[in-house]
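Let me begin by presenting the structure, written as structure tokens, before commenting on it.
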Amino acid sequence: MELDLAKEQLPSTQTTVNDNTPDYINQQIERETEASVNYYKRQDESEIRGRIEELDHEWDTQRVLEVNMASIALTSSLLALGVNKKWAFLSGAASIFLIQHSLQGWSAPLTIIRRLGIRTADEINREKKALKNLLKKPA
């Protein structure tokens, strides 16, 4: 019973970022992805493979959020140890944002990350799949 209740309360990790991002940002990211695929439709195989290689190294929203929050927590912890203990509050805030994101799929920093055009792993993988499909088509 408790497990069923937890499933109902916690959102799916597959869609939380998109669900908590304004539609106009999701649509802009989708348009940019479609434009990229359309561009590569007119390119040769080596160009497409090069783009897939780039996508293999593209940072997604999770990675950007985690690195930024961990950097803030580390920096503020060091400042709390060496400068003023009040810096520890910033470390706590970063931790709260990560917990909130893990449980709800949303946090204030995520809004900024999405506005910067950082894509989810799923969005990146959709572009990779579309490009791989271009490689399979006969010339």
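The values are calculated or read from the model by the stated rules, or taken from the named source; none is laboratory data. These figures come from a predicted structure and were not determined experimentally. Using ideal geometry, Cβ is built from the backbone for each residue, glycine included, and neighbour counts are taken over all protein chains shown. Please note that ligands, DNA and RNA were not included when accessible areas were found on the heavy atoms of the full protein model with its side chains. Shrake-Rupley method; radii C 1.70, N 1.55, O 1.52, S 1.80 Å.
Summary table below
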read-out: Distant-in-sequence amide H partners of residue 120 (H built 1.01 Å from N, under 5 Å); value: 61
read-out: Gain on full stretching of the segment that runs from residue 115 to residue 100 - 0.36 nm per residue minus C-alpha separation; value: 3.5 nm
read-out: Positive-end residue, segment 92-139 charge dipole about Cα centroid, Cβ charges, pick of 93, 104, 133; value: 133
read-out: Cross-link partners of residue 41 among lysines (Cα-Cα below 21 Å; sequence separation of 8 or more within a chain); value: 128, 129, 132, 136, 137
read-out: Förster-model FRET efficiency, 30 Å R0, residue 86 and residue 66, C-beta, rounded to 0.05; value: 0.75
read-out: Cα-centre dipole for the chain with unit charges at Cβ (Lys and Arg positive, Asp and Glu negative), debye to 20; value: 280 debye
read-out: With Cα atoms, 0 to 90° folded angle of helix 45-57 axis to the chain main axis; value: 10 degrees
read-out: Point-to-point label distance, residue 58-residue 133, nm (Cα→Cβ direction, 7 Å offset); value: 1.6 nm
read-out: Dipole of the chain, positive direction: furthest Cα of 22, 124, 36, with charges on the beta-carbon; value: 36
read-out: Fully extended contour minus Cα-Cα distance, from residue 33 to residue 77, at 0.36 nm per residue; value: 12.0 nm
read-out: The chain: angle of helix 88-104 to the longest principal axis, Cα-based, in degrees nearest 10; value: 50 degrees
read-out: Computed [θ] at 222 nm, deg cm²/dmol, the chain (DSSP H ≥ 4; -39,500 (n - 2.57); rounded to nearest 500); value: -24500 deg cm²/dmol
read-out: Within the accessible area of the chain (1.4 Å probe), percent carbon and sulfur; value: 57 percent
